[in-house]
């Protein structure tokens, strides 16, 4: 792609990539670093990447960097999650959106990525398989389990409200 | 065949209604056999999907942009600002240094530059220029006479080989030999080649002295030199014609092949300095050991560069040695 097309990618997808990464990492500065690294990698290979597939290329890089970062900080994240779970209670004024966010938080990183890619960006199962380097059946299984968990969490939270 | 271990891979497609007819029939058969799973799937009929929060945006998109069409956009962060200001200062210094050098060079060449100079400095500069011009005039006048002499010598230069050798040697040793010849004792009546050549050389010197005296006496005769242009203040535009020597073809005859090496070397005029060396060396020459003699000559005049080197004060066309020393 040309430099102009690269700049178009920045303008169109920087927000989406940032949202996608932020949901997983929950740390704004980490998410910004991942986004910057992702676009830098795209720029380095921009001459060989096709403009039509640039979006999936971006999310693929972002997903891999994100997973690496999560695995590196696994211990820290597990510690951070404890107070969050403790605070998770039942309030009357909980909105659906917040319920959904709570449900998402209980998922594993890969499950979270798949849910976000499907819901936020509308990728197909095949595209997600290519981006996350999983088989098609694996993607479907992970996604089914993620949806099941979220459903259970939402049901429980809704009942409590 | 759909079963408990693989039904999850088909579940989402079943819920979305994208299974093939065959796969859907198999799934329904499985669910009938497994009511718990059927209940789970029933709860998921309305799949909850997440909606992106549009308020979440990436703040620093400009930092990601690249300059289009070759120009590079450098965002003005603090680090970049410092680097850019250093680069700008360096460029200014370079340009300033170049301009200063340009003006300085122009001043030295004498071109007119509109610069306010005090009158004293201007006068001094003019004086210096005049002095330089006069000095050049003097050197030209001084050189005119020697140039005339050279021309005469070239005219009278002998044509055959041996006379050429003598003339060459004379030109290079004439100053040293003048005094020595005047004070030297008459040579012994000896048939050795060295003594013969030395006596020949002395005769030549005496004849040349006579010629010089005649030339001085005949100074009024005009030599064949084009007149120099009238001397005037030197500026870059003035043309100075320096007398040039007329071309004279020097004929160099080849050494006849019949002559032996020893004979040729023996005919060489030996320098006067050789007479001051040992008697042993004279004997060596008499025996025809020309190489040793040449070595000695070299040692007298200076250190030889390396072992086995031969002195090369005699032009190579006197010997049949190749110029590369082999």
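Only the coordinates and a few stated rules stand behind these numbers; no lab work does. Predicted, not measured: the structure shown is a model, and the values here were computed from it. Cβ: placed from backbone, ideal geometry, glycine included. Neighbour counts: every protein chain shown.
Taking the average, over residues, of other Cβ atoms within 10 Å as the packing measure, peptides A:147-153, A:39-45 rank A:147-153, A:39-45 from highest down.
Pairwise Cα separations in region A:90-161 fall into 10 Å bins from 0 onward with the following percentages, short to long: 21, 47, 24, 8, 0. Peptide A:142-154 is shielded by partner chain Cβ atoms: per residue, an average of 4 of them sit within 10 Å of its Cβ. Descending by average beta-carbon neighbour count within 10 Å, the peptides B:28-38, A:131-141 line up as A:131-141, B:28-38, the highest first.
Overall dimensions of region A:1-66, expressed as equivalent-ellipsoid semi-axes from the Cα gyration tensor (√(5λ), whole Å, largest first), are 21, 10, 10.
Treating r as the C-beta distance of residue B:38 and residue A:12 and R0 as 35 Å, the FRET efficiency rounds to 0.25.
Residues A:61, B:147, arranged from fewest to most other Cβ atoms within 10 angstrom of their Cβ, appear as B:147, A:61. With a 10 Å cut-off around each Cβ of B:2-10, the average count of Cβ atoms from other chains is 3. A viscosity of 1.002 mPa s and a temperature of 20 °C, combined with the Kirkwood radius over C-alpha pairs in the Stokes-Einstein formula, give region B:1-71 a diffusion coefficient of 135 µm²/s.
When B:86, B:41 are arranged by Cβ crowding within 10 Å, least crowded first, meaning fewest neighbours, the order is B:86, B:41.
Listed from fewest to most Cβ neighbours within 10 Å, the set A:121, A:47 follows the order A:47, A:121.
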